[in-house]
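**Q** Okay, here's the structure, questions in a sec.
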Amino acid sequence: MPRESRFAALAFLLALATVMLAPLPLGANRPLFWAFDAVLCGTALALAGTAQLRGAAGPIGTTRELRIAAAIFAALIAWMAVQALLPLPGGLRHPQWVAAEALTGRELPATVSIYPTGTFDAILRWLSAGALFAVLLMTVRTFRRSEAALAALAGAGTAYALCGLVLHLNAPYLLSGVQKWAFFDFVTGPFVNPNNFATYLGMVLMILLALVLARIDAFQRRSVTRYRGGFVLLSALLQPATLAFTVMAVVVFLALLATGSRAGIASSAAGAVVVLVVFSFRSRERSGLATVTAAVLLATLVLGILVFIGGAMTGGSSQEASDFGNRAGLWRDSVTAMLDRPILGHGAGAFGEVFATYLGTDIHAGRTFRDAHNTYLELAVELGLPAALAAAAMFAALFLPVVRSTFRRGRPYAAPLAATGAMTVVAVHAFFDFSIQLEAIAFTFFAIVAIAEAQDGIAGNEEGDGASRPFRKRRQRMRHGPSATAERASTPEAATSRPIAALEAATGDGAATTDRGGPPRSAE
């Protein structure tokens, strides 16, 4: 292996290890872990950048939407820096600085942010997630590597789920080697809050569901002439890789139920609905609208059952009503804080410091709220409404290439399918909690999305003008060789479908995976 390619491989392994190990120390939700992860992400980015500069890693397959998302991300980082650093005159500075000057009798650095240190911490976390995203985008260069990365993330999530269940049954007061101080009756895994663990498990479940469905579909395409009816599904599930992923999904699902997180369970069910519906459209063996309708109805039924189970596990209807009342009051006061400074915001990472002045008396007395339990509201409070809308636009720009990649014919779609489900889980749960604001969950989320975006870039490089010369030659041989000529001699419909079917059958997962210029290989 050339020296330059070692940089890319090492960057990939370092980034993947960072994502897999991030949940272990309390969900990486402490300043020490933020700094440590920032060093790891920065090192991985330096290695990947070195590989790019030396020309060994190949061009990055970016899309217009991805470039828009990158521009918005840079603008948001710049705005956070302005909030923390730029002293503003008059009414532009935060009014609490004026009150502090009146109390202390001396001039203070009157910035937009009421808590500049917290804003710098927020910048560090955002830059770490962005660096991780960029590294995986640059280093996931093959379909085989994308599925290997997904399998690694699924394996780590399954290990955390299994350890969480075992610890809850045998040592329920332990948490990542220390004694628990809250949520003794629920499975929390390496996280403090079961809601956060539920979001993490929901994303892992989407990965496993996508891997299982993609393999079942690939098996159906290869074996349609040998199996009929329900034997196709049974035979596909008995394949070693598919069976292993199915067992892992069962373990993760049981741990998800044991968290008792109603919003986490419901958002995971919503993600499963989306994955099943997208798969019904994407699968070659689909049965049209009937399959989509059946999937939606079945998933809706499962959603209702899971929400009922989650409510029962958390104490019944009276507890649910109390929690909803507190949450509604929290959102109301957050809206009040946002409307006081709708344009400039109170400063990234400063919600806990500023919210104490807005906390209503109808919420738990003596309790400190560090988060709004609604990521959208918290972004608007901290960054201001325009910046919050820009952040939403950034995530929408990331979502569009993933959806497009999911529906690309003739290529593996496990990664974009998993990313679609993970985006649904995070987007739904963000209405009720703050899980995505934990670094471990943010790392996992952006890793899944980056893998899907990189796969879309792989497809673009292979099809466009940037395709490598060996690949273009193989593609020409496939199109103009003897077998292709024979196929073109048949019906027009067969001439357009059989080369793709042959390519899918050769790869086993719907794509031609190149390995050092060799012929296409099966993904299994």
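The values are calculated or read from the model by the stated rules, or taken from the named source; none is laboratory data. Quantities reported herein were computed from a predicted structural model and do not represent experimental measurements. Cβ sites come from the backbone with ideal geometry, for glycine too, and all protein chains shown count toward neighbours.
**Q** Of these, T62, T43, which one is of a type in the set (S, T, Y) and either at pLDDT below 90 or crowded, with 20+ Cβ neighbours inside 10 Å (or both)? Quick ask: steps written out before the conclusion?
**A** On the way: T43 fails: either at pLDDT below 90 or crowded, with 20+ Cβ neighbours inside 10 Å (or both).
Sole residue among the options that is of a type in the set (S, T, Y) and either at pLDDT below 90 or crowded, with 20+ Cβ neighbours inside 10 Å (or both): T62.
**Q** Let me ask something additional. Select from the stretch 166-205 the residues that are among the aliphatic types (A, V, I, L, M) and part of a loop (DSSP other than H, G, I, E, B) and write down the one among them that is farthest from A241 (Cα to Cα). First the steps, then the outcome.
**A** Keep residues of the stretch 166-205 that are among the aliphatic types (A, V, I, L, M), which gives 166-167, 169, 171, 174-175, 178, 182, 187, 192, 198, 201, 203-205.
The next check asks that each one be part of a loop (DSSP other than H, G, I, E, B); those that pass are 171, 182, 187, 192.
On the way: A171: 32, A182: 38, V187: 28, V192: 32 Å.
Looking at residues that are among the aliphatic types (A, V, I, L, M) and part of a loop (DSSP other than H, G, I, E, B), I get A182.
**Q** Next up: Among the residues of the stretch 128-165 satisfying the criterion of being charged (D, E, K, R) and in a helix (DSSP H, G or I), which is farthest from A447 (Cα to Cα)?
**A** So the first thing to find is which residues in the stretch 128-165 are charged (D, E, K, R), and the list is 141, 144-145, 147.
Those left that are additionally in a helix (DSSP H, G or I): 144-145, 147.
On the way: R144: 16, R145: 13, E147: 12 Å.
Taking the candidates together, the pick is R144.
**Q** Further, regarding this structure: Go through L385, L359 for me and flag whichever is at pLDDT 85 or above and among the aliphatic types (A, V, I, L, M).
**A** Values: L359 fails: at pLDDT 85 or above.
On inspection, the qualifying residue turns out to be L385.
**Q** Among the listed residues A75, A84, A154, which satisfies the condition of being modelled with pLDDT of 95 or more, hydrophobic (A, V, I, L, M, F, W, C) and farther than 30 Å from V247 by Cα?
**A** A75
**Q** A99 passes all but one of (1) in contact (Cβ under 8 Å) with a residue 24 or more places away in the chain; (2) surrounded by fewer than 19 Cβ atoms within 10 Å (Cβ to Cβ); (3) more than 17 Å from the chain's Cα centre (by Cα); which number fails?
**A** Result: A99 passes all but (1).
**Q** A further question follows. Within the group T142, T111, which residue is in contact (Cβ under 8 Å) with a residue 60 or more places away in the chain, among the hydroxyl-bearing types (S, T, Y) and under 25 Å from A69 (Cβ atoms)? Step through it out loud before you land on a result.
**A** Working: T111 fails: under 25 Å from A69 (Cβ atoms).
Answer to the selection: T142.
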